[in-house]
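The values are calculated or read from the model by the stated rules, or taken from the named source; none is laboratory data. All figures in this text were calculated on a predicted structure; none of them were measured in a lab. Heads up, the Cβs are rebuilt from the backbone with ideal geometry, glycines too, and the neighbour counts pull from every protein chain shown.
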């Protein structure tokens with residue numbers, strides 16, 4: 001399990017341990033978690049909705065999960081030739097590219113799930129059962145039981161980055177299947193008089209090792225099936241893939257057999273350091289061997305021992321195995337200086353531009369806030385609340401027009417009160433099943449209402465806008481913020497509760513500390529696992545929460561958000577925002593410049609709502625705020641503009657053009673400014689005011705971070 005530690009110098013103290021506000025009606029969710037082992041005790045805690053093992057709790061439980069670098073799948077039912085729990089790994093040269101694999105760039109790539117090794121037992125029938133337990137940030141436990149529940153089982157401790165796929169057998173006769181096929185198997189030798197070792201040579205020319213901490217004799221019954229002829233077995237069996245052309249790997253595996261991770265303790269500190277203290281299962285006398293991702297290796301400090309063992313991951317480049325139980329990282333480039341607005345505005349904003357922006361702000365101030373904001377969508381309403389909050393901020397502090405600023409604040413607070421009192425059309429309720437705040441609309445209008453909010457999709461996107469608007473209002477009117485603190489804190493706890501002491505929300509629902517970014521998909525089963533589409537709205541949540549923490553004087557939580565933003569920035573650069581020298585994506589995908597929809601097992605250059613270039617890139621930009629330059633460096637923006645956006649910009653006539661130009665201000669602020677100044681008929685994104693577009697363009701591009 002993952003334990004969250006907090007001390008005086010640590011950052012993981014709870015925001016609150018109080019029940020959610022009574023503003024939120026209590027409702028049971030129509031979707032119930034299935035296949036949970038409530039006898040383990042900890043399953044009475046809030047159940048995670050957006051973590052990698054979610055597929056096992058949903059629908060028939062037979063979509064794969066992707067702990068990386070392997071995929072795993074429950075094999076059950078009459079339509080399967082084999083039963084049990086399977087392992088899949090596909091090397092880079094066998095990935096699927098499409099729709100035309102000869103194109104450059106290709107539109108998508110993924111790893112075809114192939115049940116390469118299937119853990120099974122002679123006693124498992126087509127009606128055997130699965131139970132899931134010990135669910136946490138990095139890990140979970142899967143148990144398979146014969147239908148008669150005779151006390152026998154196979155238990156799988158599953159962890160992010162695991163090198164060995166480990167199974168604990170209890171009083172069962174092991175079987176192993178392979179869809180690939182066993183070309184040859186050979187009994188290798190006993191290791192230190194403790195482990196039986198088998199080597200499997202498969203028909204795809206891959207080599208796998210099996211280690212058992214007891215006597216295990218195997219016999220090939222067919223090309224695709226091995227059976228233990230040594231009778232019932234109780235003990236640990238581990239399987240691991242040998243990387244091609246690596247002579248050292250087998251020696252390392254021999255030395256580390258018998259160990260496996262069963263969880264970790266997370267520490268996060270104000271100096272930009274964080275630590276995974278891995279918990280060891282099995283032979284605790286040995287250090288762990290765990291696969292790392294590229295962004296880990298960039299930020300290791302006091303690094304564990306790096307081996308030469310390397311496997312491809314489905315979507316995150318190469319995984320490299322390290323030996324060591326403690327992983328420590330440092331993020332030296334924390335965005336500590338990125339707050340509400342730059343401090344040196346006078347040196348950035350000329351008098352002429354100040355007057356032009358003021359004239360536009362007066363026009364925007366006359367708009368009907370109610371008509372624009374009050375919709376039946378939390379997402380779209382949140383975008384517009386943020387838009388007008390930025391207008392108030394520009395008037396009050398950017399232009400130093402406190403009188404006009406006061407008018408703006410008053411108008412906005414009256415509408416914001418509707419949301420803070422939960423009187424809007426799309427009301428929010430507290431779901432007592434999964435323990436979270438969801439829109440009520442999905443219960444009556446269907447799972448996909450408001451992008452699936454009721455099914456826990458996109459909460460960091462949606463609530464980030466509400467929190468951003470609230471943070472600005474609290475910054476400008478402290479009393480309003482204090483009156484509505486509990487409401488905002490509840491939204492933050494839903495997405496980013498940092499402590500298991502808060503029993504009303506899961507810990508870090510969206511953010512994945514191992515992968516370094518959030519996942520947007522909630523209670524929807526998916527063959528390619530969880531996904532993330534809008535990286536910029538991911539950033540917006542943690543930036544907004546940082547600003548709320550500043551306005552409410554919570555320095556430790558502010559530092560936690562700075563750390564998460566730094567990790568996010570590093571991960572986005574590695575996996576989502578693709579510069580020409582990127583090493584983590586196939587060469588024939590790099591020219592896309594952004595990933596589009598990023599799944600655990602697939603990268604698809606598209607969006608859920610539009611396949612046009614401006615949509616695919618624009619959804620990675622909005623909202624444009626002072627944190628934008630921190631996560632989108634000038635080198636990437638220049639490459640993206642020159643290769644993808646510049647050639648199409650003059651042909652666009654929709655709202656996405658405004659987002660692309662606001663992003664262009666990072667590298668060419670004057671051109672962006674003139675576009676917004678002189679094209680009054682140009683359509684604007686519903687979360688972007690012309691005032692902010694002009695103001696942003698006048699101050700952007702002066703340095704890499706605002």
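Residues that are assigned to a loop (DSSP other than H, G, I, E, B), at pLDDT 95 or above and farther than 30 Å from residue 249 by Cα are absent from region 342-364 altogether. Exactly one residue out of 274, 291 is assigned to a strand (DSSP E or B), modelled with pLDDT of 95 or more and within 30 Å of residue 587 (Cα to Cα), and it is 291. If the condition is being part of a helix (DSSP H, G or I) and more than 19 Å from the chain's Cα centre (by Cα), then region 589-627 contributes 590, 591, 592, 613, 614, 615, 618. The sole residue among 262, 320, 309 that is under 21 Å from the mean Cα position of the chain (by Cα) and under 28 Å from residue 583 (Cβ atoms) is 320. Every test in (1) under 26 Å from residue 638 (Cβ atoms); (2) surrounded by fewer than 23 Cβ atoms within 10 Å (Cβ to Cβ); (3) touching a residue at least 12 places away in the same chain (Cβ under 8 Å) is passed by residue 581 save one, and that test is (3).
Taken as a whole, the structure places residue 205 among residues that are at pLDDT 95 or above, loosely packed, with under 15 Cβ neighbours inside 10 Å and assigned to a loop (DSSP other than H, G, I, E, B). Among the strands (runs of 3 or more DSSP E) confined to region 85-167, the ones with at least 2 residues that are more than 22 Å from the chain's Cα centre (by Cα) and farther than 30 Å from residue 229 by Cβ are located at 96-98. Checking 18, 63 one by one, the residue that is in a loop (DSSP other than H, G, I, E, B) and within 24 Å of the chain's Cα centre (by Cα) is 63 and no other.
For residue 435, the criteria (1) surrounded by 20 or more Cβ atoms within 10 Å (Cβ to Cβ); (2) modelled with pLDDT of 95 or more; (3) at negative phi hold in every case but one, which is (3).
Every condition in (1) in a strand (DSSP E or B); (2) in contact (Cβ under 8 Å) with a residue 12 or more places away in the chain is met by residue 219 except one, and the failing one is (2).
The number of residues in region 302-330 being in a loop (DSSP other than H, G, I, E, B) and either modelled with pLDDT under 95 or touching a strand residue (DSSP E or B) at 6+ places or on another chain (Cβ under 8 Å) (or both) comes to 8. Taking each residue of region 351-366 that is under 14 Å from residue 692 (Cβ atoms) and looking for partners that are outside any helix (DSSP H, G or I) with beta-carbon atoms closer than 6 Å, six or more apart or interchain, yields 358/399; 364/689.
Residues in region 231-248 that are at pLDDT 95 or above, within 22 Å of residue 172 (Cα to Cα) and either outside any strand (DSSP E or B) or touching a helix residue (DSSP H, G or I) at 6+ places or on another chain (Cβ under 8 Å) (or both): 232, 240.
A quick yes/no check of all residues on (1) in a helix (DSSP H, G or I); (2) modelled with pLDDT under 95; (3) over 17 Å from residue 387 (Cβ atoms); (4) in contact with a strand residue (DSSP E or B) (Cβ under 8 Å, 6 or more places away or on another chain):
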site: 650; (1), (2), (3), (4): yes, no, yes, no
site: 660; (1), (2), (3), (4): yes, no, yes, no
site: 663; (1), (2), (3), (4): yes, no, no, no
site: 670; (1), (2), (3), (4): yes, no, yes, no
site: 675; (1), (2), (3), (4): yes, no, yes, no
site: 683; (1), (2), (3), (4): no, no, no, no
site: 686; (1), (2), (3), (4): no, no, no, no
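Go through the residues of region 98-109 one by one and say whether even a single one is modelled with pLDDT of 95 or more, under 30 Å from residue 268 (Cα atoms) and out of contact with any strand residue (DSSP E or B) (no Cβ under 7 Å at 6 or more places or on another chain). No: region 98-109 contains no residue that is modelled with pLDDT of 95 or more, under 30 Å from residue 268 (Cα atoms) and out of contact with any strand residue (DSSP E or B) (no Cβ under 7 Å at 6 or more places or on another chain). When each of 248, 168, 265 is tested for being over 30 Å from residue 94 (Cα atoms), surrounded by fewer than 16 Cβ atoms within 10 Å (Cβ to Cβ), in contact (Cβ under 8 Å) with a residue 60 or more places away in the chain and touching a strand residue (DSSP E or B) at 6+ places or on another chain (Cβ under 7 Å), the lone residue that passes is 265. Checked against (1) in contact with a strand residue (DSSP E or B) (Cβ under 7 Å, 6 or more places away or on another chain); (2) under 26 Å from residue 335 (Cβ atoms); (3) part of a loop (DSSP other than H, G, I, E, B), residue 528 passes all but a single condition, namely (2).
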